[in-house]
Amino acid sequence: MENTGKRKSRILLPAIMIILCTIIAVQVLAQEANRDEIKPLTKGWQHLALTNVIGETAKSELARNINKLGREGWEMVSVSNIIESGNTTKTIFYFKKPL
């Protein structure tokens, strides 16, 4: 009986080791393959600044222009107000779009 148990352990242990090594090798190879597939989402950005002087452009026209840029893939990232000549206010809308 003891010989049968020893024989089983001599066969079972190497078989388990082979299975574990195979699983580890497959996981390492899968990670390497995934690493090659990871690419940056964009190669760079285009930038655009849309300037609007308060009171010169109707709000509805400004909204149409901004919506048109959105449909073209531009994303608004910032808005700044600049006061010039004491009472003239410019609004600058900054956009970006992937290359």
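Listed values, structure above:
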read-out: Anisotropy class of segment 45-98 from Cα gyration tensor, a/c 1.5 cut; value: oblate
read-out: Label point distance in nm, Leu50-Met17, each placed 7 Å from Cα along Cα→Cβ; value: 6.9
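Read-outs throughout are calculated quantities, based only on the coordinates presented, and are distinct from any laboratory measurement. All values derive from a computational prediction rather than experimental measurement. Here Cβ is always computed from backbone atoms with ideal geometry, including for glycine, and neighbour counts include all displayed protein chains.
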